[in-house]
Amino acid sequence: MLEVRNLKVSYDGVLAVSRVNLQVGKGKLVALVGGNGNGKSTTLRAIAGLNAADEGEIRFNDTEIKNVPAHKRVPMGLCLVPEGRRLFARLTVERNLELGAYTRDDPREIQESIDQIYSLFPILKERRHQLAGTMSGGEQQMLAIGRGMMSRPKLLLLDEPSWGIAPKFVAKVLDTIQLVNQQGVSVLLVEQSLHKALAIADYGYVIQTGRIVMEGTGQELLNNEDIKKAYLGL
Amino acid sequence: MSFEIVLQTLASGLLIGLIYALVAVGLTMIFGVMDIVNFSHGEFLMFGMYSSFWLYALYALDPLFTLPLTALFLFGLGVMVYKLVISKIINAPMVSQLFTTFGLMLLFRGIAQFLWKPDFRSVDKSVVSGGVSVAGFQIGLPQVVAGVGAILVTAGVYLFLTRTKAGAALEATAADKDAARLMGIDSQKMFALAWGIGAACAGVAGALLSTFFPIFPEVGANFILIAFVVVNLGGFGSIIGALIAGVLVGVIEVMGGFLLGPQYKLAIVLALFLAVLMFRPQGLLGKA
Amino acid sequence: MTLLHVKNVTKKFGGITANQDVSFEVGAGKIVGLIGPNGAGKTTMFNCIAGYFPPTAGEIWLNGKKISGMTPEQCARAGVGRTFQVARTFTSMTALENVMVGAFLKDRHVGRARSISTNLLNFVNLGRFRDKPAGSMTISEQRRLAVARALAVQPELLLMDEVMAGLNPTEVKDMVDVVLRIREKGISCLIVEHVLEGIMPIADAIVVLDYGKKIADGKPADVSNNPQVIAAYLGEE
Amino acid sequence: MNNKTSLSASTGPAPAPHGKSRLGLIVSVVAIIAAFFVPLVVDSPAHQNVAILILMAAQMGVAWNIVGGYAGQVSLGHVAFYGIGAYTSTLLMTQWGINPWLGMLAGGVLAAVISVLIGWPCFRLKGHYFTMATIAVAEIVQIIFTNWEFAGAAVGITLPMDQQGWGALIFSSKVPYYYIALGLLLLTLLANLLIERSYLGYYFRAIKDEPDAARSLGVNLGTYKQVAFAVSSFFTALGGSLYAQKELYIDPTSVLGTGLSIKMALVSILGGIGTLAGPVIGAGVLTTIDEGTRILFGGSGLGTDLIIYAALIIVIAVYYPTGVMGWIKNFLARRNARQASLEKGE
Amino acid sequence: QQEIKIGVIYPLTGAAASTGAEMKHALELAADIINNGTKEAPTLPFAAGGGLPNLKGAKIKLVFADHQGNPQVGASEAERLITQEKVVALVGAYFSNVTATASQVSERYKIPFLNPESSSSTLTQRNFKYFFRTTPHDDLFVHNFFQFFKDIEAKKGVKVKQLGTFNENTLWGNETTKLETKLSQEMGYNVVKTITYPAKSTQLTSEVQTLKAANPQVVMQSSYLGDAILSMKTYKELGFSPDMILANNAGFTDTEFRRTLGKDADYVITREVWSPDLAKNNPLIKQVNDLFNSRYKIDFTGNSARTFTGLMTIADAINRAGSVEPEAIRKALIETDIPGSKLIMPWKGIKFDAAGQNTLGSGILVQIIDGKYNTVWPFDIATKDVVWPMPKWDQRK
Ligand SMILES: Nc1ncnc2c1ncn2[C@@H]1O[C@H](COP(=O)(O)OP(=O)(O)OP(=O)(O)O)[C@@H](O)[C@H]1O
Ligand SMILES: Nc1ncnc2c1ncn2[C@@H]1O[C@H](COP(=O)(O)OP(=O)(O)OP(=O)(O)O)[C@@H](O)[C@H]1O
Ligand SMILES: [Mg+2]
Ligand SMILES: [Mg+2]
């Protein structure tokens, strides 16, 4: 479904990602893990089209999308829930959700999706007329995830979805992701709670200083000694 | 001072205020969506006036009938300005944006002077001319038509922004253009649209003005300061705010000038404007 | 000895009550965790303590001085340092300069402020970013930078809002180290954190908020066994 | 917990601020020395006049830059202070025969005082609202002067030319004006340099970037914005006094017109906002373009000069949004990066 | 062959650019006549062509500069023209405030400055040695207004009592207002309303409203073109019909004023210094105007005619000086004595007093009737009888 080859991205001439190779199969849940500042977000942004790739290939459903502008990747079925949420702070919660469905047309179906999100995160329903920017950190994160799902993506890119979410809810968020995945949506997940992420992932990649240094199934990685030492603090 | 004079003054203020509103709507729209202050907005107005004038002078078409054409022409101009210039400075610091639109202002004036000479022109025989006298006071017919036009256009823009999908997309782009792209919104297109509509509003205002205001390359200078005050007073980005503020400014200007001395009419408007900002730093209808 | 005393603080936004009649204390040289579900009112409490919102009701005292009603800059002078949930970095300045802005509160001398700040950057393990534009750091790095910056005002109480979010367990451990060393300097810490591995082991006390109200208060071990806390926040594990 | 770090200051000498600034230092010293010799080399008064215009524009820009660039409070009403400077020294001299040097100082102080009256309410406004409020204030000031009989109203004031020399600050030669303008510019630059290097410079930039965060570090926004505003208006007013002494005629349109406010900002932006040398470079470029296009194309009456001038402004703003200084920095950074990557063998 | 450079400073861009363009044309025509001669106006000085005879046929070369309406730019340009272009004299600058700064520069350099059309009376009160002005100034013009009142009272038996002033808030408007107020008091007229309005207004409703409320018999108005047009439209719209609008030149004499307003411009009386119908008294006027018209497709106006005369005057002085030394030119200027018959102006001639002011200049009043300017005062040179009062708006056809 998604295939990234030799991806290279830089900021103002400084390389942030060099040589990233990864694949996400149809209906799979793939995790991308790594330490702080190693290029996870940059990789996701490049896939979504927010950062231009200097070199390499990004193939989505067998089409090369490297030069497709970000907004045209959405109707193709690609959606990124970005780091730092990037909500429309001055708009209401509901308006944010509606905008998530910008590429969709049928108002009734859109309403259904909104209701689905509301049942998933009841607080959003309660606060649907509050301005997104005044919601608490965790509430905003839920809204960001919800908004991302509104476009009915085929591949969902999630950048640290559990950021700032209370422990009780982290499980719920991850459950939700799994649920979405089981409904046929492929997921590429960047997550810091490694054990939780790798536990639900079909496959995982480890990124270090802009390169993929290790890959394997979730369980393999969890049991790897190097990983335990470097990332799990064991 | 008689009651009639008060009524008369109010009416005149209201009518010119509606024009201010229309000029300001375009400005506030561009600001609201892009956070860019367009110094060259008065020149869009000027181009609108010249467009009406030339259609009138060359083909004897009345500005009122060519209004859609003028609007279309200015829309195109706005889009073109966006594509050629503004799109390159979206991420630049606020001051360089000011600088660019200021340069555009000078450029447009220079171009107008180059193409059409510094002469004053006017549309002398419009289908609407002269005045009507209602209940003892007189108002100019062109002004009335312009006022009605201003209300219609403002309402149209408002409905477009609040009731259509494109309006929502504009709003989203305004809030966070990267996030909007992630929703599948073509932010470039939205910005171009904002400039198109903004310029078209100014163009329509110019067309409506051309039936009673002299036309010359620097005419924008007469309106731009007032337009800025109106946009601010209404709250940057607020269409309804611009409408209310426009009328308010028009009435205060005429009334204040009449009561306290015409030489201070602008000072009165500005002072009241500052006073309002002290209590509502975000303007009347602006969001904090 | 109590350093911070929050007395019956209530904060409302229009119809929403973000904090309701919350009271707790932070002892001198102690680490206190402030936890609770999303939207419980933790960040709001921080904003009240640091002077960003005046409480709707109640009072806040620091070191025997009433600080509720003060402006943020007065609170900073009174000894409150803070970080923000959204990083709020001075993006056009380097990492070092960011910290120096804080250091100037106590010492206007540029050279001294610079050396204090260099030390602080190393202290939070960001030494290598010293002369880099702070805007190019990742979000989690920027939050750590904010810790150094807040430390530079030489506070008596440091408020940290989710500085461990976005860190993997190893990095969390490093950050825990940093927090412990802050306490060693005699600075009290009030920490909002969802990463429990980061806060539970080191906190001297935990305060739990839910829907704006305090539902528990005490030693970490007690709090984590409190059924109400489990139901509202921790979830069954 | 091995590497214990001390929070207290180490008393050793502070490391040099920026290694790269050494080049800047050399260039500046050479430029300043060269500036002293300009009138000796350039003997045409018209060219000297252009040089003076550049220095005066630079001085305005440097003064504006303190509040508009460093502190990020974009004032487009600074001409009010310029006018206050011009009118104060002129009125003091024509009405009471007070020496223009004193008048200049008085104008500066008065402008600073008035800046407090303006700043106190206006600094509650943010971004474009602040900018617009400053424009409004300046317009009001202009209207007041246009109608104020004592200050010559719209007619303006002609300065008497009967006394000349350093005491009266009026000369028939251009050279003294050149050195006065240069001295004023250097003084303004010095003030700017001291600010930039002191805590104030850091505070100003912090306020510009993230006012809320600055507050958490004990920075009182109102106070420090006001400090920047007052210093800036003080120096702007000095420039205004010099204008009056040089042109010997002032009226509301020439020393209180909005165009001048914009020019102050333009000069800084063009050169590089929030940098020391930026406005000076900007003034050089802008004045040259301005004078050049007018001299080359202004006689035609077709507005060609305006078109070329405007087009140049736009091109510069679009392609070098951070000004000449930004371009230089970028250039150096890129070169360094290239060298670094060469060394790494990438 | 020698070339004599004369610097000319006018507003070639900016708000007054259209007037600037007319004056530029007038100067070009004058220079061309001097250099190449003309057969159409044989009695005009230098009509033989071939440059300045006393300087071995040296040609005049005009060096144009644009002051953009900005006093500082005016001064810089003067500085440049004098020191760079080495001009021997300056001509300019239309706007009184620019003339003020530019002539200050020429005074410092001891270069003659000939001002053909700025009317601020203060300009010749500065004790300048190198400043000469051919046009009469506002003092005289305003006096003309009141003389006209006296004359028309005597001739037509109308009583002018209530005056209103309507002047823009600039140097020019302000000085005029002061003079008008002063003279009304001296001559027993009652000013019922004094309005100074900000130039470049978007609307003049409040002003006209105020004026209308005061109900003056005659409005004395000083406005540039845009405001002149706007005010006339507002008068009509608000139905304000005074007995007479007595305009102080500027916008009201601009070609565009009539073209724009058409019939609505009729009956306005404006102070002038020149009018084509004066050709009746002086054939030169028609000849030169025809030349101008055939070349630029426009007629002379008061401004361009004065500017033309200005250049002729300086050329005359240089020729008599027989030298390009500024000092010699100044001397020659002081001795200037051109008779009225050699001018295209309705003046008795040109002769400067110690302050540099031409003492033989005078003004006329013209009234627009059927879209044409007709000299109506002084009565002895009038080409048409004055229409008084002007018809009310609703009684016009
Ligand atoms: N806007 C930017 N400008 C310059 N450099 C940047 C920018 N954003 C990120 N970088 C740099 O690129 C590198 C990779 O950053 P990225 O955000 O992809 O890391 P990450 O793996 O997502 O880290 P984290 O876990 O902190 O989110 C970092 O060294 C960072 O400093
Ligand atoms: N300015 C505001 N206007 C309206 N509601 C607000 C405002 N600020 C906060 N709230 C609401 O108050 C409640 C408490 O918010 P707060 O940010 O304090 O939560 P929190 O405990 O920090 O949550 P999180 O862990 O998710 O960051 C939330 O429901 C939030 O939506
Ligand atoms: Mg990241
Ligand atoms: Mg929070």
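Just need the relative contact order of segment C:94-154 here, percent rounded to a whole number, with Cα pairs under 8 Å and 6+ apart. Could the numbers behind the result be given before it?
Working: 81 pairs, mean separation 31.8, N = 61.
Normalised by residue count, the contact order of segment C:94-154 is 52 percent.
From Cα pairs below 8 angstrom and at least 6 apart in sequence, can you work out the relative contact order of chain D, rounded to a whole percent?
So the answer I get is 29 percent.
How much of the accessible area of segment C:94-154, probe 1.4 Å, is carbon plus sulfur, in whole percent?
49 percent
Name the residue, out of C:Leu145, C:Leu190, C:Leu126, whose mean-square fluctuation peaks in a Gaussian network model built on chain C with Cα pairs under 10 Å.
Largest GNM mean-square fluctuation: C:Leu126.
Just add up the charged neighbours of D:Phe171: K/R +1, D/E -1, any other residue whose Cβ is under 12 Å from the Cβ of D:Phe171.
Result for the neighbourhood of D:Phe171: +3.
Points 7 angstrom from Cα along the Cβ direction at D:Ala31 and A:Thr134: gap in nanometres?
Once both label points are built, they end up 4.9 nm from each other.
Comparing D:Gly284, D:Gly72, D:Gly259, which has the greatest mean-square fluctuation in the GNM of chain D with Cα pairs linked when under 10 Å apart?
Among D:Gly284, D:Gly72, D:Gly259, the largest GNM mean-square fluctuation belongs to D:Gly259.
Tell me the per residue accessible area of segment D:35-256 using a 1.4 Å probe; a whole number in Å² is fine.
31 Å²
For E:Ala58, which sequence-distant residues (separation of 5 or more, or a different chain) have an amide H within less than 5 Å of its own amide H, given hydrogens modelled in the peptide plane?
E:Leu52
Given H placed 1.01 Å from N in the peptide plane, which residues other than close sequence neighbours of C:Asn19 have an amide H under 5 Å from its amide H?
C:Lys11
What are the ³J(HN,Hα) values, in whole Hz, obtained from phi via the Karplus relation 6.51 cos²θ - 1.76 cosθ + 1.60 with θ = phi - 60°, for each residue of segment D:248-257 in sequence order, with x given for Gly and Pro?
6, 8, 10, 8, x, 5, 8, 10, 10, x
With a 1.4 Å probe on protein heavy atoms only, work out how much accessible surface A and B bury together, total over both chains, in Å² to the nearest 100. List each step's numbers first, then the result.
Values: alone 11540 and 13470 Å², together 23000 Å².
Chain pair A/B: roughly 2000 Å² of buried accessible area.
Magnitude of the Cβ-charge dipole of segment C:132-225, K/R +1 and D/E -1, about the Cα centre, nearest 20 debye?
280 debye
Pull out a ≥ b ≥ c, the square roots of the eigenvalues of the alpha-carbon gyration tensor of segment E:147-279, then state rounded if a/c is under 1.5, prolate if not and a/b is larger than b/c, and oblate in the remaining case.
Note, shape of segment E:147-279 comes out rounded.
If I take R0 = 25 Å and measure r between the Cβ atoms of E:Lys297 and B:Asp62 in this structure, what FRET efficiency does the formula 1/(1 + (r/R0)^6) give, to the nearest 0.05?
Taking R0 as 25 Å, the efficiency between E:Lys297 and B:Asp62 is 0.35.
Please identify which residues in segment B:69-96 have an amide N closer than 20 Å to a label point set 7 Å out from the Cα of A:Lys72, following the Cα→Cβ vector.
Counting backbone N atoms under 20 Å from the label point, the list is B:83-84, B:87-88.
Starting from the amide H of A:Gly216, placed 1.01 Å from N in the peptide plane, find each other amide H under 5 Å away whose residue is 5 or more places distant or on another chain.
For A:Gly216, the qualifying residues are A:Gly204.
Helix D:100-122 sits at what angle to the longest principal axis of chain D, using alpha carbons and giving 0 to 90 degrees rounded to 10?
60 degrees
Separation between the D:Gln164 and C:Phe13 pseudo-spin-labels, each 7 Å from Cα along Cα→Cβ, expressed in nm?
Distance between label points: 7.0 nm.
What FRET efficiency, computed as 1/(1 + (r/R0)^6) with R0 = 22 Å and r the Cβ-Cβ distance, is obtained for D:Asp43 and D:Leu296, rounded to the nearest 0.05?
0.45
Summed for both chains, how many Å² of accessible area, to the nearest 100, are buried between C and D with a 1.4 Å probe?
Roughly 3300 Å².
Using the Cα atoms as the points, what is the convex hull volume per residue of chain A in Å³?
119 Å³
Solvent-accessible area per residue for segment A:2-232 at a 1.4 Å probe radius, Å²?
Heavy-atom SASA per residue in segment A:2-232 reads 40 Å².
From the phi of every residue in segment E:365-380, what ³J(HN,Hα) in whole Hz does the Karplus formula 6.51 cos²θ - 1.76 cosθ + 1.60 yield, where θ is phi - 60° and glycine or proline is x?
Karplus values, whole Hz, x for Gly and Pro: 10, 10, 10, 7, 10, 6, x, 10, 7, 10, 5, 10, 7, x, 4, 6.
Which of rounded, prolate, oblate describes segment D:42-197, given a ≥ b ≥ c as roots of the alpha-carbon gyration tensor eigenvalues and a/c under 1.5 marking rounded, otherwise prolate only if a/b is larger than b/c?
Oblate, because a/c is 1.5 or more while a/b does not exceed b/c.
Which of C:Gly27, C:Gly64, C:Gly14 ends up with the largest GNM mean-square fluctuation for chain C, with Cα atoms connected below 10 Å?
Comparing C:Gly27, C:Gly64, C:Gly14 in the GNM, the peak value goes to C:Gly14.
At A:Glu57 and E:Ser341, where each label point lies 7 Å from the Cα along Cα→Cβ, what is the point-to-point distance in nanometres?
Going by the 7 Å Cα→Cβ label model, 10.1 nm.
How many Lys pairs in segment A:2-232 lie less than 12 angstrom apart by Cα atoms, where the lysines are 8 or more positions apart or on different chains?
For segment A:2-232, the number of qualifying lysine pairs is 4.
Near D:Lys126, which lysines are there with a Cα under 27 Å away, not counting those fewer than 8 places off in the same chain?
B:Lys88, B:Lys177, B:Lys265, B:Lys287, C:Lys11, C:Lys12, D:Lys208, D:Lys225, D:Lys263
Remind me, relative contact order of chain E in percent, using alpha carbon pairs under 8 angstrom and six or more residues apart?
Here the relative contact order equals 17 percent.
Each residue of segment C:160-168 in turn: what ³J(HN,Hα) in whole Hz from Karplus with 6.51, -1.76, 1.60 and θ = phi - 60°, glycine and Pro shown as x?
10, 9, 6, 7, 9, 5, x, 10, 7
Enter the buried accessible area of the E/D pair, total of both sides, probe 1.4 Å, in Å² rounded to the nearest 100.
Roughly 2700 Å² of accessible surface disappears when E and D pair.
Just the ratio, please: alpha-carbon radius of gyration of segment C:8-157 over 2.2 N^0.38 Å, N its number of residues.
Taking N as the residue count of segment C:8-157, the ratio is 1.11.
Can you tell me how the protein assembly as shown classifies by the Cα gyration tensor, rounded, prolate or oblate, using a/c under 1.5 as the rounded cut?
Values: a/c = 2.33, a/b = 1.95, b/c = 1.19.
Prolate.
Between D:Thr94 and E:Glu186, what's the calculated FRET efficiency when r is the beta-carbon distance and R0 is 22 Å? Round to 0.05.
0.20
The values are calculated or read from the model by the stated rules, or taken from the named source; none is laboratory data. Note that the structure is a prediction, hence the values are computed from the model and not measured. Note: ideal-geometry Cβ built from the backbone for every residue, glycine included; neighbour counts use all protein chains shown. Keep in mind that these areas ignore ligands, DNA and RNA; they rest on the heavy atoms of the full protein, side chains included. Shrake-Rupley method; radii C 1.70, N 1.55, O 1.52, S 1.80 Å.
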